[in-house]
Amino acid sequence: MKRILVTGSYGQIGTELIGALRKKYGGENVVATGRKKPPAILKEDGPYLQLDVLDTNQLHAMLVDYDIDIVIHNASLLSGTGEKNPQLAYRTNIEGAYNVLEAVRILNLDQVMIPSSIAAFGPSTPRDNTPNDVIMRPTTAYGVSKVFIELWGEYYVKRYGVDFRSLRYPGIISAETMPAGGTTDYAIEIFYEALKNKKYTSFLDKGTYLPMMYMPDCLKCTIDLIEADASKLKHKSFNITAMSFAPEEIAAEIKKHIPEFEMSYEPDFRQQIAESWPASLDDSVAREEWGWKPDYDLAAMAKDMLEKLSKKLDIKY
Ligand code: AKB
């Protein structure tokens, strides 16, 4: 059984990814790490550790001590936070990914998966049905860091034979852990506010289409890509998507379940970020090379989100 170390394990994707990986590979084989101390509420179903990927000695020691084969490097600042502090985004996202790739190369580990994002595209990229291989000139610090990760990772594949893989995550919607500082976060906040207050003010304007995905699909594509047969992967970085909607469309979907729900719009600095990203993605390369296929569309996701959150918050609708 391969042993996997995950960074950023206490973030939105990490918290749920650890559970899914442990279910599949066994608790002891999945080492959860994060920069902050592990939250006290975590179950003791495997190692939960504190790791700062900017500390290369600590990173190398942990990879050796736990006999790691695969690294999933999730630790990253998101787009909104990156614009507030580009220098911190550089250190966390670019230096962090560099350190992880170097450790994987030096220690000759089996595989490294580092997520990219729709943020890797920019205003000069075709916005509709954006192809996998297309111009990428992002205008955010976060987006630049994701292009660096893709290109540096692919360089290590060619130069050193490192097995690097990457997924361009769209906005990920989930009920367990809130994301922090992303542009697509509105599509999660809206569910909390719809249940708690029956109204929500969106920080993205009407008509702002973005590619999105529900967490179960995000977990599925992450694990599927890790397990994909290397000989079939012609690409290393993949577009993946499950749906695309604008704020008024998710509001209309929620209204089907909560008829009193009202939406208003007060776009902030994230509007400009969203407008520089694709509205929808073409993920046919992922479908062809490793069989990607999502399970959740907007209606199925909204129904499940409301059910999960109403239980979590103990609010009926
Ligand atoms: C963000 O909004 O910054 C992220 C992303 C799309 O990568 N959710």
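Taken together, the values in this text are just the output of simple stated rules run on the coordinates, not laboratory data. Computed from a prediction, not measured in an experiment: that's the story for all the values here. Glycine gets a Cβ as well: all are built from the backbone with ideal geometry, and neighbour counts include every protein chain shown.
Using a ≥ b ≥ c from the Cα gyration tensor of the range 245-288 (square roots of the eigenvalues), is it rounded, prolate or oblate, where a/c under 1.5 gives rounded and otherwise the larger of a/b and b/c decides, a/b for prolate?
Oblate.
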*Post the alpha-carbon centroid distance, the range 254-274 to the range 87-111, in whole angstrom.*
37 Å
*Among ILE223, ILE172, which comes first, second and so on when ranked by fewest other beta-carbon atoms within 10 Å?*
ILE223, ILE172
*For the charge dipole of the range 32-165, defined by +1 on Lys and Arg C-beta atoms and -1 on Asp and Glu C-beta atoms about the Cα centroid, which residue among ALA61, VAL71, GLN87 has the Cα displaced farthest towards the positive pole?*
GLN87
*Could you point to the residue in SER202, TYR192, TRP292 farthest towards the positive end of the range 169-317's charge dipole, with +1 and -1 charges on the Cβ of Lys/Arg and Asp/Glu respectively?*
TYR192
*Tell me which residues come under 5 Å, amide H to amide H, from GLU262 once H is placed; ignore anything under 5 positions away on its chain.*
LYS199, TYR200
*Can you bin the range 175-215 into rounded, prolate or oblate? Criterion: square roots of the alpha carbon gyration tensor eigenvalues sorted a ≥ b ≥ c, rounded for a/c under 1.5, prolate for a/b above b/c, oblate for the rest.*
oblate
*For the range 262-268, in order, what is each residue's ³J(HN,Hα) by Karplus, 6.51 cos²θ - 1.76 cosθ + 1.60 with θ = phi - 60°, in whole Hz (x at glycine and Pro)?*
10, 10, 10, 10, 9, x, 10
*By the gyration tensor of its Cα atoms, with a ≥ b ≥ c the square roots of the eigenvalues, what is the shape of the range 236-317: rounded for a/c under 1.5, prolate for a/b over b/c, or oblate?*
oblate
*Please identify which residues in the range 153-192 have an amide N closer than 16 Å to a label point set 7 Å out from the Cα of ASN108, following the Cα→Cβ vector.*
160-163
*With charges set only on the Cβ (+1 for Lys and Arg, -1 for Asp and Glu), what does the dipole of the range 175-317 come to about its Cα centre, in debye to the nearest 20?*
300 debye
_Using the Cα centre of the range 90-210 as the reference point, and only Cβ charges (+1 on K/R, -1 on D/E), how large is the resulting charge dipole? Debye, rounded to the nearest 20._
220 debye
*asked:* Charges at C-beta only: +1 for Lys and Arg, -1 for Asp and Glu. How large is the resulting dipole of the chain about its Cα centre, in Debye rounded to 20?
replied: 240 debye
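Tell me the GluC sites (Glu not before Pro) within the range 1-72 that lie in a loop according to DSSP and have at most 11 other beta-carbon atoms within 10 Å.
Values: sites: GLU16, GLU28, GLU44; in loops: GLU44.
In loop regions of the range 1-72 (DSSP not H, G, I, E or B), the sparsely surrounded GluC sites (Glu not before Pro) are GLU44.
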*Residues in the range 113-134, backbone N under 19 Å from the label point at LYS234 (7 Å along the Cα-to-beta-carbon vector): list them, ranges by number please.*
130-134
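Per DSSP helix of 4 or more residues, -39500 (n - 2.57); summed, then divided by the residues of the chain. What does that give at 222 nm, rounded to the nearest 500? Mind dumping the intermediate values first?
Values: 12 runs with 130 residues, N = 317.
Using -39500 (n - 2.57) per qualifying helix, the result is -12500 deg cm²/dmol.
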